[in-house]
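Trainee: Sharing a structure with you now.
The values are calculated or read from the model by the stated rules, or taken from the named source; none is laboratory data. None of these values were measured; they are calculated from a predicted model. Cβ placement follows ideal geometry from the backbone for every residue including glycine, while neighbour counts extend to all protein chains displayed. Surface accessibility is based on the protein's heavy atoms, side chains included, excluding ligands, DNA and RNA. Shrake-Rupley method; radii C 1.70, N 1.55, O 1.52, S 1.80 Å.
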Amino acid sequence: MVDHPTSTEADTLRRVRDASGLLAASAMRRLDEDLAWYRTLPAEDRSWVGLVAQAGIAAFISWFSDPAAPPHGVGDIFSAAPPELTRSISLQHTLQLVRVIVNVVETHSDELAAPGGEREVREAVLRYSREVAFSAAEVYARAAEVRGAWDARLEALVVDALVRGDADQSLRSRVSALGWSGRGSTLVMVGTTVSPLDDMRAADLRRATRRAADDALVGIQGDRLIVFLGGEGDLRAAATSLLPRFGPGPVVIGPQANDLADSARSAQAALAGLRAAPAWAQAPRPVQADELLPERVLTGDTTARRQLVDQAYRPLLASTGSLLETLSTYLGGGRSLEGAARTLYVHPNTVRYRLRRVADVTGWDPLDPREAYVLQIALALGRLDGATIA
């Protein structure tokens, strides 16, 4: 233990070395008796934990021969088990494991130490256990860093695949590995970042999204930010709460999807809306992708074009009561009720009634300036496409 150990120290060292088997067996019994989480582990993980415990005792005995030197072998204790073990047991569980080993050695300290050396053994155990605890913390910190970097790369791949619409079985397993539960519906919001996000700010953004909704995925593509939210709560409220995390400019929310597999449609609509949003200077923030249908048409979005024709022009074409004619006359005549009434040879109240019917049929109110613009674009598209009643 020192250059010239006393007879008591030499006897204690011999006893400690001879007791390695006793201590290891005692530690394994105590793990099973004292730690409920250990008893519930799969057999393979239990064996790995047992190896860590035995390695800890062996390393202590090796160091005890020269306690004046820095504790060696502490980092090697956890190298006996695979890195994946950090996913099965937490740092708190590992520290409980260390305490069990310390208690085992302390319990046997009277047997391990030669008469008069009991205090020396206890102090050595306490010092070494502190070093083991620090080593465990380092192991978990490294594992968390590696896992965080891997999860970020995996998340980027998943978001990219979802945006492209590649929701196959492998994607489902990857999303599950990221903790996506799949309960409830899904919503996608897109916008820009204030500036390129470093690792720290990106990690903070991910924590914020996971607080906002049950499920969350974040994709950072240059200065573009894509957020997938899922769960059974109010996803639109969750999206609104995340607005301060986006940079200046438009933030677009896609249509709510039934599940993650269906969210590609929502993501594509939101991204199309983001491209088109500058054309509507008065757009709210956030703005729904479906509120930007006319602007999306101007950017060449065929989905928005088809949606406007299907949701506005076709229902009016199929309706009775001269709704399409009345709307066309009203929009083409300066949006005047009296002017439309004169052209159609009806009372202004009749025009007003028909326009209310238009709102019921299409969901857009011709008496609202913005929604009248949407309907005017829809009528123009329907005529250009030569839409007929399906």
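Trainee: Using beta carbons and a limit of 6 Å, which pairs, at least six apart or on different chains, have the first residue in region 233-245 and polar (S, T, N, Q) and the second one in a helix (DSSP H, G or I) and surrounded by 12 or more Cβ atoms within 10 Å (Cβ to Cβ)?
Mentor: Close Cβ pairs satisfying both conditions: SER241/ALA212.
Trainee: Is it the case that some residue within region 364-386 is touching a residue at least 60 places away in the same chain (Cβ under 8 Å) and acidic (Asp, Glu)?
Mentor: Yes, because at least one residue in region 364-386 is touching a residue at least 60 places away in the same chain (Cβ under 8 Å) and acidic (Asp, Glu).
Trainee: Given the criteria buried (at least 16 other Cβ atoms within 10 Å of the Cβ), at pLDDT below 80 and not basic (Lys, Arg), does LEU242 qualify?
Mentor: So LEU242 does not fit the description; no.
Let's see how each residue does on (1) surrounded by 13 or more Cβ atoms within 10 Å (Cβ to Cβ); (2) at pLDDT 80 or above; (3) farther than 16 Å from VAL100 by Cβ:
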position	(1), (2), (3)
SER7	no, no, yes
THR12	yes, no, yes
ARG17	yes, no, yes
LEU22	yes, no, no
MET28	yes, yes, no
ASP34	yes, yes, no
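Trainee: Restricting the search to region 211-234, which residues are of a type in the set (D, E, K, R), farther than 17 Å from ALA264 by Cα and modelled with pLDDT of 85 or more?
Mentor: Listed by number, the residues that qualify are ARG211, ASP214, GLU232, ASP234.
Trainee: Show the residue pairs meeting these rules: Cβ distance below 8 Å; 6+ apart or different chains; first residue within region 38-63 and in a loop (DSSP other than H, G, I, E, B); second residue among the aliphatic types (A, V, I, L, M) and open to solvent by less than 30 Å² (accessible area, probe 1.4 Å).
Mentor: Qualifying pairs under 8 Å: LEU41/VAL49; LEU41/ILE89.
Trainee: A further question on this structure: For ARG207, state whether it is modelled with pLDDT of 75 or more, under 25 Å from THR240 (Cβ atoms) and outside any helix (DSSP H, G or I). Step through it out loud before you land on a result.
Mentor: On the way: modelled with pLDDT of 75 or more: yes; under 25 Å from THR240 (Cβ atoms): yes; outside any helix (DSSP H, G or I): no.
No; evaluated as a whole, the condition is false for this residue.
Trainee: With respect to ALA289, is the statement that it is within 49 Å of the chain's Cα centre (by Cα), open to solvent by 20 Å² or more (accessible area, probe 1.4 Å) and of a type in the set (A, V, I, L, M) true? Break it down into steps so the answer makes sense when it comes.
Mentor: On the way: within 49 Å of the chain's Cα centre (by Cα): yes; open to solvent by 20 Å² or more (accessible area, probe 1.4 Å): no; of a type in the set (A, V, I, L, M): yes.
Against the criterion (within 49 Å of the chain's Cα centre (by Cα), open to solvent by 20 Å² or more (accessible area, probe 1.4 Å) and of a type in the set (A, V, I, L, M)), ALA289 does not qualify.
Trainee: Just checking: which of the helices (runs of 4 or more DSSP H) contained wholly in region 271-390 hold 1 or more residues that are closer than 28 Å to VAL251 by Cβ, among the aromatic types (Phe, Trp, Tyr) and touching a helix residue (DSSP H, G or I) at 6+ places or on another chain (Cβ under 9 Å)? So that I can check it myself, show each step before the final result.
Mentor: Values: elements: 293-298, 302-308, 314-318, 323-332, 337-344, 348-362, 369-385.
In region 271-390, the matching helices (runs of 4 or more DSSP H) lie at 369-385.
Trainee: List the number of the failed condition for PRO248; all other conditions in (1) exposed (fewer than 12 other Cβ atoms within 10 Å of the Cβ); (2) under 12 Å from the mean Cα position of the chain (by Cα) hold.
Mentor: If we test PRO248 against (1) exposed (fewer than 12 other Cβ atoms within 10 Å of the Cβ); (2) under 12 Å from the mean Cα position of the chain (by Cα), just (2) comes out false.
Trainee: Give the residue, chosen from PRO82, PRO70, that is assigned to a loop (DSSP other than H, G, I, E, B) and either at pLDDT 70 or above or open to solvent by 50 Å² or more (accessible area, probe 1.4 Å) (or both).
Mentor: Answer to the check: PRO70.
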